[in-house]
Amino acid sequence: MSTPLRVRYAPSPTGHLHIGGARTALFDYLLARKNGGQFVVRFEDTDQTRHVESGVQNQLDGLSWLGLNWDESVDIGGPYAPYRQMERLGLYQPFIDQLLNEGNAYHCYCTEQELEREREEQEARGETPQYSERCRHLTAEQKAEFEAEGRKPSIRFHVPKDKIIAFKDKVREEVEFETNGIGDFIIVRPDGIPTYNFAVVLDDHLMKISLVIRGEEHLTNTPRQIMLYEALGLPVPDFAHLSLILNPDRKKMSKRDESIIQFVQQYSELGYLPEAVVNFIALLGWSPGGEVEMFTLDELVEQFDLDRVSKSPAVFDMDKLNWMNNHYIKQAPLDRIAGLAIPHLQKAGLISAELSEDQQRWATELVGLYQEQLRYAAEIVDLAELFFREKLAFDDEAAALLAEEHVPAVVQSFLKQVEGADSLAPENVQKLLKAVQAETGYKGKQLFMSIRVALTGQMHGRDLNMTIHLLGREKVQERLRALL
């Protein structure tokens, strides 16, 4: 019987869930669910200088919002706990001892200043900077001298010479590296904390991870890690390195790139739907077999395969994401979209923080008026601002229409109808407009556009009957009288 698939998403807890990390986690999740495997979330927190205390919870919150439920992690535990590297330090010592005892690692007493000087000299000679191996063959006396000076050693891995490290990547196929270009690298810092390349190998081994999915930027780490697996006599997992995600200019995405919303939490705050974000992220580098682009999470589980993941970079297209999110918003129940949009109206100070039943109903109807248009819920503030203006402003086109001779008669007639109406329910507004048509003889654009511009300042907009209903009798009368 084959071993069940075990995959892991292993971020550094340095902040919120980035879109690139979300894609890695999604692909992990899809493969685990498709193959009856386990999806593990582990935290690589050995770089304490970058550690953010809330980082772990932020990552978990982002995954949870996307609907990517994990099988093992810091919150629910699991058979291979703990799931934070800093809580696993004691597990690494036997492997460190093994490498030292078998001559595959050694103590290095070089200071940062010495290493920096060495790098500068190599660069001056036009060489690729690489550790000179000066501590590889220290005598016991030399070590004692350094320790007497108070130097604390790091531990370096002894990289074998003239060797080709080859592996078959699940995305990139055959990959090869020459060891001569790597240089002896540090696996344990002077403070006793393992570096990423060492700790990740041990954690993946101890947690029985069978497939490592990660970004292309980790590709050059892979030969180092394979050498460690081999030196320790451990089985090497499969690797899949995902292509870069580029910005719309087809340049590498940077954290300062403002053309893209980069963190999952921001999508949540702006009122994107998680199913739309998941659908969009899945298509960053993976292509389904046919023309269909809309998939539920369950459908993605069924369809996803690493064979259809591209080696070419994926381009992040905000317009496509907004189009896709709008599609999902249009399909969603109004109450759900109102629940996302109303807090943005409250935050903008346009409606009360505490809503009565009537106010809640009005705000929900307002969101309903714009539901077809919304690309994300926060847009309601700009789209619906005409309902909250103290005074209307008219652009040249609107002002020109209002200057036409038929307008005063239409506006005066409609004001009279409103003043005498029982209510401004949408179906009643329809009757009032028909009465204006009968009284003035104006219809079509002359009737409807005149009233729309008079009440909203806009030539075009959402359903006029509903707009008038939501403006309410008081505001409608006020705006019509101001115009007259």
For region 358-383, how many residues meet the condition of being open to solvent by less than 40 Å² (accessible area, probe 1.4 Å) and not in a helix (DSSP H, G or I)? 2
Over region 199-218, the set of residues open to solvent by 10 Å² or more (accessible area, probe 1.4 Å) and within 16 Å of GLY90 (Cβ to Cβ) is HIS205, LEU206
Might you check whether a residue that is in contact (Cβ under 8 Å) with a residue 12 or more places away in the chain, acidic (Asp, Glu) and within 30 Å of TYR29 (Cα to Cα) occurs anywhere in region 65-72? yes
Filter region 76-106 down to residues that are touching a residue at least 12 places away in the same chain (Cβ under 8 Å), touching a Phe, Trp or Tyr at 6+ places or on another chain (Cβ under 9 Å) and open to solvent by 50 Å² or more (accessible area, probe 1.4 Å), then give me how many there are. 2
Just checking, which of PRO223, PRO237 is free of Cβ contacts under 8 Å to residues at least 40 places away in the same chain, in contact with a strand residue (DSSP E or B) (Cβ under 6 Å, 6 or more places away or on another chain) and crowded, with 18+ Cβ neighbours inside 10 Å? PRO237
Which condition from (1) assigned to a loop (DSSP other than H, G, I, E, B); (2) under 20 Å from ALA240 (Cβ atoms) is the one that LEU355 breaks? (2)
Does any residue of region 384-405 turn out to be in a helix (DSSP H, G or I), farther than 22 Å from GLY472 by Cα and modelled with pLDDT of 95 or more? no
For region 250-293, what are the residues that are assigned to a strand (DSSP E or B) and crowded, with 16+ Cβ neighbours inside 10 Å? PHE263, TRP286
If I filter region 25-53 down to residues being among the polar types (S, T, N, Q) and open to solvent by 20 Å² or more (accessible area, probe 1.4 Å), which single residue comes out as farthest from VAL301 (Cα to Cα)? THR49
Would you check which residues across region 131-149 are open to solvent by 60 Å² or more (accessible area, probe 1.4 Å) and either part of a helix (DSSP H, G or I) or out of contact with any helix residue (DSSP H, G or I) (no Cβ under 9 Å at 6 or more places or on another chain) (or both) and list them? HIS137, THR139, ALA140, GLU141, GLN142, LYS143, GLU145, GLU147, ALA148, GLU149
Residue check for PRO313: over 13 Å from GLU275 (Cβ atoms) and open to solvent by 50 Å² or more (accessible area, probe 1.4 Å): yes
Residues to consider are ALA403, ALA421; find the one that is surrounded by fewer than 17 Cβ atoms within 10 Å (Cβ to Cβ), within 20 Å of LYS391 (Cβ to Cβ) and under 52 Å from the mean Cα position of the chain (by Cα). ALA403
Checked against (1) open to solvent by 50 Å² or more (accessible area, probe 1.4 Å); (2) in contact (Cβ under 8 Å) with a residue 60 or more places away in the chain; (3) over 36 Å from the mean Cα position of the chain (by Cα), GLU116 satisfies every condition except (2)
Just to verify a result, which residue in region 215-262, among those that are among the polar types (S, T, N, Q) and touching an Asp or Glu at 6+ places or on another chain (Cβ under 7 Å), is nearest to ARG23 (Cα to Cα)? SER243
Report yes if some residue within region 320-328 is at pLDDT 95 or above, under 23 Å from LEU242 (Cα atoms) and open to solvent by 40 Å² or more (accessible area, probe 1.4 Å); otherwise report no. yes
I need the full set of residues from region 424-439 which are in a helix (DSSP H, G or I) and under 52 Å from the mean Cα position of the chain (by Cα), in order please. PRO426, GLU427, ASN428, VAL429, GLN430, LYS431, LEU432, LEU433, LYS434
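The values are calculated or read from the model by the stated rules, or taken from the named source; none is laboratory data. Keep in mind the model is a prediction, meaning the values are calculated, not measured. Glycine also receives a Cβ, built like all others from the backbone with ideal geometry; neighbour counts cover every protein chain displayed. Ligands, DNA and RNA are stripped out before the accessible areas are found, and what is left, the full protein with its side chains, is counted by its heavy atoms. Shrake-Rupley method; radii C 1.70, N 1.55, O 1.52, S 1.80 Å.
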